[in-house]
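What follows is one structure encoded as C-alpha cells, with my remarks underneath.
Laboratory data are not the source of any read-out in this text; all were calculated from the coordinates shown. These numbers come from a predicted model, not from an experiment. Every residue, glycine as well, gets a Cβ built from its backbone with ideal geometry; the counts of neighbours run over all protein chains shown.
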Amino acid sequence: MENLSIVFDKRLDIEFLQSIYEDDIEHALIVFSQFLQIAPSLMKEMEESYLSGEVESFRQKVHKMKPVFSFVGLTKLTAKAEVLEKKCKEVSGIYDISELYKELKNQYSEGLPIIENEVNRLKEQVN
C-alpha cells in the first residue's frame, strides 16, 4: 500500500497522534474504530459507578478509561480524567467531584462525533 499522510481533525491532539501513528492509516483506523466500540460501554460503567456513589469503584472506572482518550487524540480528556482520578482519593463523597465529572462527560459527548467523522474519513483513505 502506498504511504499516505494522515491529516487529523484540528480539534484533536495532532502532534500526539502523529507521534503514535506516523502515517499508518490502517493502524489509526483500527484504534479509532475500537474506541467507538468500547468507549460508550466504559462511559456507561463509569456513570453507573458514579450513580451508585462508590468513589473507589468510580475512580477505577476513570482510571480504566483515561488512556483510551489519548489514543484517539482526546488528550484534554485524558488530562481531565487524571485530575478526576486524583480527586477521588481526596473527597469524602461522590458528589464532591460532580462538577469535574460533568465536564468530562460533556467533553466526551463533544469528542465522540469528531472520532466518528475521523473513522469515516480514515475508511475512505484506506479504500
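Here the condition is being touching a residue at least 12 places away in the same chain (Cβ under 8 Å) and in contact with a Cys (Cβ under 6 Å, 6 or more places away or on another chain); of V31, V55, V72, it holds for V55 alone.
For the stretch 65-74, does any single residue satisfy the condition of being part of a helix (DSSP H, G or I) and of a type in the set (K, R)? Yes: the stretch 65-74 contains one or more residues that are part of a helix (DSSP H, G or I) and of a type in the set (K, R).
V91: surrounded by 13 or more Cβ atoms within 10 Å (Cβ to Cβ), of a type in the set (A, V, I, L, M) and outside any helix (DSSP H, G or I), yes or no? When the stated conditions are applied, V91 passes them.
Among the residues of the stretch 44-63, those that are charged (D, E, K, R), in a helix (DSSP H, G or I) and surrounded by 14 or more Cβ atoms within 10 Å (Cβ to Cβ) comprise E45, E47, R59, K61.
None of S109, S41 is free of Cβ contacts under 8 Å to residues at least 12 places away in the same chain, in a helix (DSSP H, G or I) and over 17 Å from L12 (Cα atoms) except S41. Contact map, the stretch 5-25: residues that are in contact (Cβ under 8 Å) with a residue 24 or more places away in the chain paired with residues that are assigned to a loop (DSSP other than H, G, I, E, B) and exposed (fewer than 14 other Cβ atoms within 10 Å of the Cβ), Cβ distance under 8 Å, separation 6+ or inter-chain. Pairs shown: I6/D23; I25/L4. Of all residues in the stretch 94-108, those being loosely packed, with under 14 Cβ neighbours inside 10 Å and either β-branched (V, I, T) or under 10 Å from the mean Cα position of the chain (by Cα) (or both) number 0.
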